[in-house]
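Here's the structure, in structure tokens; my notes come after.
The values are calculated or read from the model by the stated rules, or taken from the named source; none is laboratory data. From a predicted model like this one, the values you see are computed outputs, not experimental measurements. We place every Cβ from the backbone using ideal geometry, glycine too, and count neighbours over all the protein chains shown. Surface areas here come from the heavy atoms of the whole protein model, side chains and all, with no ligands, DNA or RNA. Shrake-Rupley method; radii C 1.70, N 1.55, O 1.52, S 1.80 Å.
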Amino acid sequence: MANQVTNIFLAGVGGQGTLLASEVLSEALMLAGHDVKKSEIHGMSQRGGSVTSHVRFGPKVYSPIIPEGEADILFGFELLETYRYLPWLKKGGKIIANDLKIIPAPVAMGQAEYLGDIPERLCAAVPGAKIVNGMELARQAGNLRTVNIALVGALSKELDIPEETWQQAMRNQVPERFLAENLKAFELGRQFKSPLT
Amino acid sequence: MKQTILSGNEAIARGAFEAGVKVASAYPGTPSTEILENVVQYKEIDASWAPNEKVALEVAIGACFGGARALATMKHVGLNVAADPLFTQSYIGVRGGLVIVVADDPEMHSSQDEQDSRNYAKFAKVPMFEPADSEEARLFTRLAYEVSEQFDTPVLLRSNTRISHGKSVVNLDDPVSGLPEPGLERNPTKFVMLPAHARQRHPVVEQRIKDLEKWSCDQPFNRIEDGEGEVGVITSGIAYQYAKEVFPKAHILKLGMVHPLPKDLIRSFAERCKTLYVLEELDPFIEEQIRAMGISVIGKDVFPICGELTPGRVKAALSGEPDPAAYEVEAELPNRPPNMCPGCSHRGVFFQLKQLGAYVTGDIGCYTLAALPPLSALDSCVCMGAGISNATGLCKVLGPEERQKVVGVMGDSTFLHTGINSLMDLVYNQSPATVVILDNRATGMTGRQDNPATGFTLGGDVTNAVDIETICRALGVKDIQVIDPYDLELTRNALKKAMATPEPSVVIARRTCMLERRGGAERKAPLVVEADKCVACKACLKIGCPAIEWNAEAGEKGKAVVNQMLCVGCEVCRQVCKFDAFRSSK
């Protein structure tokens, strides 16, 4: 049973909208008829810290946390955080990562370095890793804050869920006044083709 | 029945609504905060923030005396504060059903300890339910009210971070109907715990636990899931989910009620298994009781006591080593610790306390982050309210010179939580310690909730705003200074003066939290660094603002850069820079 469960590991930085992204994702999976569980940490880690969210779906899901090393998809909102959680990915898993750097405090203070070649490292580990310019897609959608949903759009190509179901999930989860721009961002993400693949 | 996906906290709120709860009270605390934030959306329930958990529970008890179903929610350490009413209410029992939700935080994602609240159920002799997902969180909350009234007892419901903040599919049910109307009822031998009355109640409490133990042996919330072979696992709550992952074939006894334990059911289950595991997070709470029954089990001799369980940790405990990962990170990565927000009103205060060489006794709030570099300006943190009373005690043992350095620090919400008592003691016993109240008009760390000083209720209604200066004055503080912590010189002078004063002195640093919901926080145009003026002294990096970044490539020695997306124009950095390199981008 456990092996019929699909695991999506979200990694990002507090304040990036990973929470709404995981809400939309879980809602769409539930509407598509799956059992769904998700788990994440609020509170202290939100203050600009590293943020992760585990989403699991299948006929029956037990643990809300993905077993270590069993993520089918590593879904990253920021490059360093994507790379940090690479060991959660299982052999043959996929990567979808936002091509964005957010400088952590030790780097901002000049005490550590931000690796310059994370996209290359991700693609070397997992050929075909999708590096998405989420900020550019969000800009095209008309609001930089839609970057999280643009990335969900890119992720949606990897999941067997009808487009109408995704749209329904967004209508259920996204506040009305932001819906139009988020639907657009999703569409742009869904059409995105990685230049590196 | 409508299906939806809810967090454990949302599901507990839903369960309370379905159970016909009339009154709910809480003090915010991760991971329990969102329960009341969701309860307040049900207009049938009077939901409110209390100044602390003890008050919250006592408010709920009052409603229970009136014959209504009532709820109090808190995090694990909050139950320490509310323990006093809990223990006596166990003797009193209930009129309307009374449920206390306590959310533990194994792994201490956002807490100062990882105490196991199940011990309170045993200690206070009350039943405790433990849900394993959101659907059970809803169902057990409903059920807890029935048990509370059937057995005349307060009931604890234990959640934890993974249950409270995890989401899973829930079936919504209709609310119960036909509950009795609240009203006054005098019942002194039950409600008035004089020694003579309490002596009569204690045997009732002992019998109650025995009755619950027998009754729970054939209730559906304690269930056996048949597997294959001779391995059995006794488990509850979130650990059940990990047991299903790691022992897919084992027989499982899943306990929905963790106190009292269904001993007969456990005995009959144990007889079927050659190898018996107890899988539980934190303390060997179930394990020790089963061992005391003379049944041998494998438990904390294998599984960790410290930290939360995960499927991987359970597996590794069994096999002796973790599974190798398919991919490795081949570099040392900078970590990403949480930080005070750009424009946080605490930053300037801690920067100056550090400069003045203060020894800072702090406590629980966003300001605890001041302990981290580069500020490194917090020297102790125990619990809510301790910032002031620790300072009092510390001053008692120091000589006159060192005594001046002691500064007790806490936030507005923490001051109202338990800090008032600490300040009362400080003044009463004439401590020379300096007190700083960081009044940012919000309960920040848990997500900017309102408190009695913000002037708004949980429901968003305008209410009285506590005047902190007047409270300090009433407690007997004569030396009170109110400052704007964005003004570094003013802040420094005020702190210096207060520290030099041998009498009790209070500095109130007042600035609205950047996360405040009502637009009270001031945001100005971001600053920029004039590159030719930056001499790479790195003084601005010492305030630890997330908006200031170091560009090592610029110039000969590197230069500071302001992140235009993050900066809110508070100008604290501008005052730190001796070379006038920061200016407004406007």
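What shape does chain A have by the C-alpha gyration tensor, where a ≥ b ≥ c are the square roots of the eigenvalues, rounded means a/c under 1.5, and otherwise prolate means a/b greater than b/c and oblate the rest? Can you show the working numbers first?
Numbers: a/c = 1.41, a/b = 1.15, b/c = 1.22.
The shape class here is rounded.
Assuming R0 = 45 Å, what is the FRET efficiency of B:Leu172 and B:Val482, from their Cβ-Cβ distance, to the nearest 0.05?
According to the calculation, E is roughly 0.35.
Testing the spin-label approximation: label points 7 Å from Cα along Cα→Cβ at B:Lys2 and B:Lys533. State their distance in nm.
With each label point 7 Å from Cα toward Cβ, the separation is 5.8 nm.
Once each part is reduced to its C-alpha centroid, what is the distance from the range B:58-114 to the range B:445-481 in angstrom?
For the range B:58-114 versus the range B:445-481, the Cα centre distance is 24 Å.
Using only the C-alpha atoms of chain B, find the volume of their convex hull and express it per residue in Å³.
194 Å³
Would you kindly state how much longer the chain becomes between B:Glu271 and B:Lys497 on full extension, computed as 0.36 nm times their sequence separation minus their alpha carbon distance, in nm to one decimal?
Stretched fully, the B:Glu271-B:Lys497 segment lengthens by 74.1 nm.
Is the range B:346-510 best put as rounded, prolate or oblate by its Cα gyration tensor, with a ≥ b ≥ c the root eigenvalues, rounded for a/c under 1.5, and otherwise prolate when a/b is larger than b/c, oblate when not?
Prolate shape, in that a/c is at least 1.5 and a/b is the bigger ratio.
Any idea how many Lys pairs in the range B:223-319 come in under 15 angstrom at the alpha carbon, given 8 or more places apart or on separate chains?
Working: B:Lys244/B:Lys254; B:Lys244/B:Lys315; B:Lys249/B:Lys274; B:Lys249/B:Lys315; B:Lys254/B:Lys263; B:Lys300/B:Lys315.
So the count of such lysine pairs works out to 6.
Going by average Cβ neighbours within 10 Å, how do the peptides A:85-96, B:360-371 rank, with the highest at the top?
B:360-371, A:85-96
Applying 1/(1 + (r/R0)^6) with R0 = 60 Å to the Cβ-Cβ distance of A:Lys157 and B:Tyr428, what FRET efficiency is obtained, to the nearest 0.05?
That gives a FRET efficiency of 0.35.
How about the range A:107-197: which trypsin sites (Lys or Arg not before Pro) there lie in a loop by DSSP and see at most 11 other Cβ atoms within 10 Å?
A:Lys193
Provide the FRET efficiency to the nearest 0.05 for the A:Glu136-B:Leu490 pair, computing r from the beta carbons and using R0 = 51 Å.
Efficiency, from the Cβ-Cβ distance: 0.70.
Give a residue-ordered list of calculated ³J(HN,Hα) values for the range A:12-24 (Karplus: 6.51 cos²θ - 1.76 cosθ + 1.60, θ = phi - 60°; whole Hz; x for Gly, Pro).
x, 10, x, x, 8, x, 5, 5, 5, 4, 6, 5, 4
Full extension from B:Ala465 to B:His202: what is 0.36 nm times the residue separation minus their Cα-Cα distance, to one decimal in nm? Please report the intermediate quantities before stating the final value.
Numbers: separation 263, 0.36 × 263 = 94.68 nm, distance 4.19 nm.
Answer, rounded to one decimal: 90.5 nm.
With a 1.4 Å probe and all protein chains kept in place, how do B:Phe456, B:Phe123, A:Phe77 rank by accessible area, largest first?
Largest accessible area first, the residues go B:Phe123, B:Phe456, A:Phe77.
Run the quick spin-label model on B:Leu356 and B:Glu553: label points 7 Å from Cα toward the beta carbon, then report their separation in nm to one decimal.
Label-label distance for B:Leu356 and B:Glu553, simple model: 4.2 nm.
Which length gain, in nm to one decimal place, applies between B:Thr457 and B:Ser319 when the Cα-Cα distance is subtracted from 0.36 nm times their residue separation? Walk me through the numbers before you get to the answer.
Details: separation 138, 0.36 × 138 = 49.68 nm, distance 5.22 nm.
Full extension from B:Thr457 to B:Ser319 adds 44.5 nm.
What whole-number value in Å² describes the accessible area per residue of chain A for a 1.4 Å probe?
Per residue, chain A has 38 Å² of solvent-accessible surface.
Please state, rounded to one decimal and in Å, the Kirkwood hydrodynamic radius that the range A:1-90 gives when every pair of distinct Cα atoms enters the mean of 1/r.
Averaging 1/r across every pair of different Cα atoms and inverting gives 13.1 Å.
Calculate, axis by axis, the spread of Cα positions in the range B:2-216 along the three principal axes, and write the results as whole Å, longest axis first.
Dimensions of the range B:2-216 along the principal axes of its Cα atoms: 48, 40, 38 Å.
Taking the Cα centroid of the range B:545-586 and of the range B:345-397, what is the distance between the two, rounded to the nearest whole Å?
Spelled out, the Cα-based centre of one part sits 26 Å from the other.
Residue by residue, what Karplus-based ³J(HN,Hα) values in Hz, rounded to whole numbers, does the range B:549-565 have, using 6.51, -1.76 and 1.60 with θ = phi - 60° and x for Gly and Pro?
10, 9, 9, 5, 6, 6, x, 7, 10, x, 8, 7, 9, 9, 6, 5, 6
If you take the square roots of the eigenvalues of the alpha-carbon gyration tensor of the protein assembly as shown and sort them as a ≥ b ≥ c, do you get rounded (a/c under 1.5), prolate (a/b over b/c) or oblate?
The shape class here is oblate.
Cα to Cα, under 19 Å, and not fewer than 8 places away if on the same chain: which lysines meet these conditions relative to B:Lys354?
Once the sequence-local lysines are set aside, what remains near B:Lys354 is B:Lys405, B:Lys496, B:Lys497, B:Lys538, B:Lys542, B:Lys578.
Can you return the aspartates and glutamates within cross-link range of B:Lys54? Criterion is Cα-Cα under 14 Å, with same-chain partners fewer than 8 residues away left out.
Result set, ordered by chain and number: B:Asp84.
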